[in-house]
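The values are calculated or read from the model by the stated rules, or taken from the named source; none is laboratory data. Because the structure is predicted, anything quoted here is derived from the model rather than measured. All Cβ positions, glycine included, derive from the backbone under ideal geometry; neighbour counts span all protein chains shown.
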């Protein structure tokens with residue numbers, strides 16, 4: 001491996017850790033808004049960070065989970081939850097939430113790409129692999145909202161989020177069918193997902209509402 | 001296989017697809033009542049249609065899930081969700097819900113019978129197999145209500161639904177103990193469950209309430 | 001095995017059954033408060049009694065579940081749910097809840113010890129085993145609250161409960177590292193957890209709240 005690809009590997013790992021931390025912080029914010037205690041904060045942070053991948057692994061029967069294999073990332077995320085819960089005040093929450101949107105979009109792309117790739121490798125059919133990618137990227141937030149006793153934002157805010165991941169996962173399947181190798185397919189999926197999500201945020205896209 | 005049994009097989013498959021569609025529509029209705037977006041509609045429809053069987057398979061550690069094995073049924077159900085969400089207006093919901101009660105009762109019977117049979121085949125003890133049949137038939141609706149942030153109707157409407165499935169599953173275990181073969185036991189379970197549910201709807205049976 | 005250790009085994013089994021019953025009753029109480037029907041009562045009782053261990057087994061991919069292996073305990077717990085739902089009136093609920101705190105603390109200790117031991121035996125890393133112990137002891141109540149459409153008390157009441165279990169599980173890991181055998185480690189975990197929980201109740205300990 002030459003030095004450029006080593007730098008690439010490290011950049012990717014750094015990006016993934018950054019995205020996991022951003023996901024966890026979204027859980028901490030949701031928990032603090034509901035005035036949960038430190039246990040609730042840690043569970044919400046954990047679910048937001050690792051819930052999507054864990055749900056995918058339960059469904060495709062894959063072990064060990066990421067957080068079992070990487071005990072120190074788990075420890076770091078729990079420490080981040082405790083630390084940020086002590087430092088964040090209620091008036092910081094809206095601002096922090098806002099500033100997380102870019103790392104969150106990057107995380108959506110990376111996790112969706114990992115999810116669709118892992119599912120594809122275990123031989124899931126294309127539509128199922130696309131759903132698994134979407135679940136990996138977007139359903140941590142669903143679990144976070146469910147334990148906060150909210151209808152998941154993913155299901156009601158009429159903003160494209162899961163659909164960006166689903167489209168990105170479709171990109172993976174498409175370029176794989178066209179003969180591209182895994183690295184290209186993963187990059188396509190992550191770039192397409194993150195790009196669509198950023199575009200949706202920037203252009204303020206809304207999903208159509210039901211006519212009354 | 002003679003032509004009558006071929007017709008029987010096709011009728012059964014058609015009934016199962018019809019019942020799955022009726023379950024999915026109950027999810028679409030619940031989602032539209034909560035004014036969820038298209039992602040929420042698809043998730044609610046998916047959970048109502050496939051959630052019970054998926055929960056059973058997670059518990060008895062069985063793979064692949066029905067919707068992984070039959071990718072095109074999954075695609076059809078998702079298409080049905082998108083289509084019906086576009087067509088159904090708020091004023092149609094009560095009427096649609098009402099007209100789904102018969103196909104829903106048929107689905108309860110069929111899914112309960114499949115669930116208890118599959119669990120029995122994997123060697124679960126009788127009471128567990130009966131619970132698995134009940135979960136297969138009735139817990140898709142529970143998952144649907146949970147993501148809609150409602151106490152599941154199954155737990156609070158004081159109407160016999162899960163109990164019909166549980167009784168039907170008891171019928172499966174009973175006739176199996178009496179020496180009947182699988183086909184007879186499955187038919188008994190489905191007929192008993194659907195019959196009891198229809199009777200409960202027709203006679204307006206209510207479960208006893210707690211004295212205050 | 002001499003007669004003293006036989007008495008010990010029987011005492012432990014009796015304690016575990018007592019604790020399972022206390023957990024189930026907490027589910028019955030939560031269900032009756034929400035005026036659920038008999039199906040809701042049984043599901044809440046089941047989840048409170050067996051939910052934590054079942055969630056742990058799903059996560060560490062262990063089968064059969066306790067209630068599948070011990071069908072008669074399952075039958076007994078369901079009978080207890082039906083019976084207590086018929087006998088308990090609304091004005092009894094607060095009193096019953098209060099009198100369950102000691103058996104509940106014993107159950108927290110026993111289930112946490114079992115959970116951390118089983119996870120340790122299947123080779124989970126220390127932090128994961130500690131979380132699994134905590135989940136076994138404390139997450140039955142989380143599932144119970146979620147189906148009752150409440151934010152789980154575990155996440156918002158600012159009382160040490162999960163933290164007692166986590167500390168007790170830490171005790172297991174510590175004495176195991178110091179070379180103690182399994183029996184000593186399990187006893188340490190159970191005693192530490194139950195002791196801390198009783199101390200927290202007696203001294204009315206509260207977790208710190210977020211500064212506004």
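Filter the range C:30-45 down to the residues that are surrounded by 24 or more Cβ atoms within 10 Å (Cβ to Cβ) and within 11 Å of residue C:148 (Cα to Cα), then identify the one that is farthest from the other protein chains (Cβ to nearest Cβ).
Filtering the range C:30-45 for residues that are surrounded by 24 or more Cβ atoms within 10 Å (Cβ to Cβ) and within 11 Å of residue C:148 (Cα to Cα), the one farthest from the other protein chains (Cβ to nearest Cβ) comes out as C:30.
Please enumerate the residues belonging to the range C:99-111 that are in contact with a helix residue (DSSP H, G or I) (Cβ under 9 Å, 6 or more places away or on another chain), more than 14 Å from chain A (Cβ to nearest Cβ) and assigned to a helix (DSSP H, G or I).
C:101, C:102, C:103, C:104, C:105, C:106, C:107, C:109, C:110, C:111
Which one is surrounded by the most Cβ atoms within 10 Å (Cβ to Cβ) among residues in the range B:154-164 that are within 10 Å of another protein chain (Cβ to nearest Cβ) and assigned to a helix (DSSP H, G or I)? First the steps, then the outcome.
Filtering the range B:154-164 down to residues within 10 Å of another protein chain (Cβ to nearest Cβ) leaves B:154-163.
So of that shortlist, the ones also assigned to a helix (DSSP H, G or I) come out as B:154-156, B:162-163.
Details: B:154: 23, B:155: 24, B:156: 19, B:162: 27, B:163: 21.
My answer is B:162.
Which of the residues spanning the range A:118-136 are surrounded by fewer than 23 Cβ atoms within 10 Å (Cβ to Cβ), within 10 Å of chain B (Cβ to nearest Cβ) and closer than 13 Å to residue A:53 by Cα?
none
Run down A:73, A:68 and say which single residue is at the interface with chain C (Cβ under 10 Å from one of its Cβ atoms), under 30 Å from residue B:63 (Cβ atoms), part of a helix (DSSP H, G or I) and touching a helix residue (DSSP H, G or I) at 6+ places or on another chain (Cβ under 8 Å).
A:68
So, in the range C:137-153, exactly how many residues are surrounded by fewer than 21 Cβ atoms within 10 Å (Cβ to Cβ), at the interface with chain A (Cβ under 8 Å from one of its Cβ atoms) and assigned to a helix (DSSP H, G or I)?
Total satisfying the criteria: 1.
May I ask you to verify whether residue C:15 is over 15 Å from residue C:97 (Cα atoms), surrounded by fewer than 22 Cβ atoms within 10 Å (Cβ to Cβ), more than 14 Å from chain B (Cβ to nearest Cβ) and under 14 Å from the mean Cα position of the chain (by Cα)?
It is true that residue C:15 is over 15 Å from residue C:97 (Cα atoms), surrounded by fewer than 22 Cβ atoms within 10 Å (Cβ to Cβ), more than 14 Å from chain B (Cβ to nearest Cβ) and under 14 Å from the mean Cα position of the chain (by Cα).
Looking at this structure, is residue A:49 under 30 Å from residue B:63 (Cβ atoms) and assigned to a helix (DSSP H, G or I)?
Spelling it out, residue A:49 is indeed under 30 Å from residue B:63 (Cβ atoms) and assigned to a helix (DSSP H, G or I).
Checking the structure you have, find out if any residue of the range B:97-106 is free of Cβ contacts under 8 Å to residues at least 24 places away in the same chain and either more than 16 Å from the chain's Cα centre (by Cα) or over 26 Å from residue A:54 (Cα atoms) (or both).
yes
Being in contact with a helix residue (DSSP H, G or I) (Cβ under 7 Å, 6 or more places away or on another chain) and either surrounded by fewer than 17 Cβ atoms within 10 Å (Cβ to Cβ) or in contact (Cβ under 8 Å) with a residue 60 or more places away in the chain (or both) is the filter here; which residues of the range A:192-209 pass it?
A:192, A:193, A:194, A:197, A:198, A:201, A:207
What is the residue count in the range C:187-212 for residues that are more than 14 Å from residue C:108 (Cβ to Cβ) and in a helix (DSSP H, G or I)?
Result for the range C:187-212: 3.
Identify the single condition in (1) in contact with a helix residue (DSSP H, G or I) (Cβ under 7 Å, 6 or more places away or on another chain); (2) within 8 Å of chain B (Cβ to nearest Cβ); (3) closer than 18 Å to residue B:207 by Cβ that residue C:84 does not satisfy, given that it satisfies every other one.
(2)
May I ask you to verify whether residue A:115 is within 14 Å of chain B (Cβ to nearest Cβ), surrounded by 17 or more Cβ atoms within 10 Å (Cβ to Cβ), at pLDDT 95 or above and out of contact with any strand residue (DSSP E or B) (no Cβ under 7 Å at 6 or more places or on another chain)?
No, not satisfied.
State the number of residues belonging to the range B:192-206 that are within 16 Å of the chain's Cα centre (by Cα) and farther than 11 Å from residue B:160 by Cα.
Result for the range B:192-206: 3.
Among the residues of the range A:56-65, write down those that are surrounded by fewer than 19 Cβ atoms within 10 Å (Cβ to Cβ) and either in a helix (DSSP H, G or I) or in contact (Cβ under 8 Å) with a residue 24 or more places away in the chain (or both).
A:58, A:62
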